[in-house]
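A quick write-up on the structure given underneath.
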Amino acid sequence: MKTPGQTVEEILSNVPPDRAPAFQKLHETIVENLPSGFEAAISYGMLGYVVPHSIYPPGYHCKPAEPLPFASIASEKNSINFYHMGIYADPALSDWFVASYPQHSKQKLDMGKSCIRFKKTDDIPFQLIGELMGKLSVEQWINLYESRLKK
């Protein structure tokens, strides 16, 4: 169950009260560390961080009307989920994140290909998420995306 909203502000204001402080802090951490060119937007019903069409006109290959997604967060039924496409596309970045995670959280890493689930809001590794967000510039993400797309 994603948080309802058609704008960034609506999503932030509709997060359940017990998760709102952690969700807001996660959003702020991402925005503070987001390289120039990315912007916060609604992406696939979630609070997303995207490469806008003004920088990458082709958009997302699966749905060109959507800007190129990079990361997103969602308040789901049992967790706050953080999605980072760079982790999915770049094995070295994924390896770095997995190796660094235990230094920042006492919880076991609950991770899919690009999704990290935080069931306990007290254990969100905000500093690590901030570091991760700064690892890829817009240009690096577009290059990585296009190199993976062509394979």
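Values quoted throughout were computed directly from the atomic coordinates according to the rules given, and no laboratory measurement underlies them. None of the values given here were measured: they were computed from a predicted structure. In this analysis, Cβ positions are derived from the backbone assuming ideal geometry, glycine residues included, and neighbour counts consider all displayed protein chains.
Some notes on this structure:
- Dmax and Rg, reported as Rg then Dmax, of the chain (C-alpha, Å): 14.7, 43
- Residue-averaged 222 nm ellipticity for the chain, from DSSP H runs of 4+ at -39500 (n - 2.57), nearest 500: -10500 deg cm²/dmol
- For the chain, lysine pairs with C-alpha atoms less than 17 angstrom apart, excluding pairs fewer than eight positions apart on the same chain, total 11.
- Order of Met133, Met111 - criterion: other Cβ atoms within 10 Å of each residue's Cβ, fewest first: Met111, Met133
- Per-residue Cβ neighbour rank within 10 angstrom, fewest leading, Glu9, Glu39: Glu9, Glu39
- Spherically averaged projected area of the convex hull of Cα atoms, region 96-137: 3.1 nm².
- Only Lys, Arg (+1) and Asp, Glu (-1) charged, at Cβ; the chain dipole about Cα centre in debye: 540
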